[in-house]
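Peer 1: Below is a structure I'd like to ask you about.
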Amino acid sequence: NTDYWHYLSEKQEGCHFDSGESQNKIILETANAIKNKGLFDIEIVGSDETSTDKAITAFNAYTDDVKSVLDRISTHSYGTERIKELGELMKKEGRNLWMSETDGGNVSGENAGEMGAGLWLSKKIISDINALSPSAWVLWLVIDFHKSKNGYCGNKDFGIPDKTKGFWGLAFADHDTEEILLTQKYYCMGQFSRYINVNDTLQHINEDVLCATNEKEIKLVIVNDKKAQTPVTINLKGTNRCISSVNTIRTSGNLQNGESWHKLPVEKVNNNIYKTTLKGNSVTTFIFK
């Protein structure tokens with residue numbers, strides 16, 4: 001329903017459907033066509049709006065018939081107006097919600113250099129998930145920049161972006177050397193995606209922490225976007241578990257001489273209290289067992 005996606009748009013999204021009658025009709029027609037073809041393993045999803053505000057508007061305009069055929073609600077989080085309201089609405093309605101697309105050319109941190117883009121992404125992941133409680137969080141593209149002396153897909157070669165500034169995607173494709181060039185933003189994404197698994201349960205703590213649990217582990221991903229080291233005390237007494245050790249993985253600094261999924265020595269945890277220091281401009285994953 002975003003007004004800049006229109007017929008003959010120069011963008012990739014050249015199809016616009018207003019909330020209400022227009023969206024309701026296309027959703028029902030699609031559902032009927034899929035049913036008539038016997039394709040019962042295909043989900044009907046709506047409405048992948050640009051912002052959480054527009055997602056609320058779209059959902060509230062669905063008829064009961066439309067709501068009955070929708071298997072999942074998806075939203076983008078480029079705009080986060082009323083984001084908590086959308087999360088609460090989906091819980092109240094008992095809906096499976098995905099944050100199905102976002103990214104941005106932004107940075108966070110204090111003089112963070114190459115970590116700036118990764119710190120921003122990490123805080124974005126945490127804030128989106130804590131507000132929406134989605135069952136999936138999906139990045140727009142892994143690779144958005146392509147280097148090629150001959151141009152790529154008809155586009156002029158603008159070279160590789162400055163990694164100390166904001167950029168879309170997690171890595172760059174150099175078609176001249178046939179290499180994928182990774183970034184600290186890529187490794188920051190991995191601080192979440194490598195360790196939080198499909199069957200983990202997410203718990204909401206605060207704006208700088210994402211918590212995931214299962215029967216054997218408690219996992220915390222913590223962002224420190226300050227230049228200075230920051231002491232923290234992690235109190236696990238309320239978990240009704242006996243925690244004995246913690247594995248720590250950290251990403252910080254520049255790609256060449258910093259840390260990328262750096263595994264620290266395993267440490268003991270006494271009386272379910274763990275005290276540590278967060279490195280400046282870092283993303284750290286703690287796995288308590």
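Peer 1: From the residues in the range 121-158 that are modelled with pLDDT under 90 and of a type in the set (S, T, N, Q), which one is surrounded by the fewest Cβ atoms within 10 Å (Cβ to Cβ)?
Peer 2: ASN150
Peer 1: Can you name the residue in the range 1-60 that is part of a loop (DSSP other than H, G, I, E, B) and aliphatic (A, V, I, L, M) and is also most open to solvent (accessible area, probe 1.4 Å) among such residues?
Peer 2: Filtering the range 1-60 for residues that are part of a loop (DSSP other than H, G, I, E, B) and aliphatic (A, V, I, L, M), the one most open to solvent (accessible area, probe 1.4 Å) comes out as LEU8.
Peer 1: Can I ask one more? Quick check: anything in the range 53-70 of a type in the set (A, V, I, L, M), within 18 Å of the chain's Cα centre (by Cα) and under 25 Å from HIS204 (Cβ atoms)?
Peer 2: Yes: the range 53-70 contains one or more residues that are of a type in the set (A, V, I, L, M), within 18 Å of the chain's Cα centre (by Cα) and under 25 Å from HIS204 (Cβ atoms).
Peer 1: Still on this model: Out of (1) in contact with a His (Cβ under 8 Å, 6 or more places away or on another chain); (2) open to solvent by 30 Å² or more (accessible area, probe 1.4 Å); (3) without any contact (Cβ under 8 Å) to a residue 40 or more places away in the chain; (4) of a type in the set (Ser, Thr, Tyr), what's the single condition that is false for TYR78?
Peer 2: (1)
Peer 1: Next question, about the same structure. Could you list, in sequence order, all residues of the range 221-235 that are in contact with a strand residue (DSSP E or B) (Cβ under 7 Å, 6 or more places away or on another chain) and open to solvent by 10 Å² or more (accessible area, probe 1.4 Å)?
Peer 2: Those that are in contact with a strand residue (DSSP E or B) (Cβ under 7 Å, 6 or more places away or on another chain) and open to solvent by 10 Å² or more (accessible area, probe 1.4 Å): ILE222, GLN229, THR230, PRO231, VAL232, THR233, ILE234, ASN235.
Peer 1: Quick check: is even one residue across the range 257-270 under 18 Å from MET115 (Cα atoms), open to solvent by less than 10 Å² (accessible area, probe 1.4 Å), in contact (Cβ under 8 Å) with a residue 24 or more places away in the chain and touching a strand residue (DSSP E or B) at 6+ places or on another chain (Cβ under 7 Å)?
Peer 2: Of the range 257-270, the ones under 18 Å from MET115 (Cα atoms) are 257-263.
Next cut, open to solvent by less than 10 Å² (accessible area, probe 1.4 Å) only: none.
No - not one qualifying residue is present in the range 257-270.
Peer 1: Additional query: Taking the condition open to solvent by 60 Å² or more (accessible area, probe 1.4 Å) and assigned to a helix (DSSP H, G or I), does LYS91 pass?
Peer 2: In short, yes.
The values are calculated or read from the model by the stated rules, or taken from the named source; none is laboratory data. Keep in mind it's a predicted model, so treat the numbers as computed, not measured. Cβ coordinates were reconstructed from backbone atoms using ideal geometry, including for glycine residues, and neighbour counts include every protein chain displayed. Accessible surface is based on the protein model in full, side chains and every heavy atom, while ligands, DNA and RNA are left aside. Shrake-Rupley method; radii C 1.70, N 1.55, O 1.52, S 1.80 Å.
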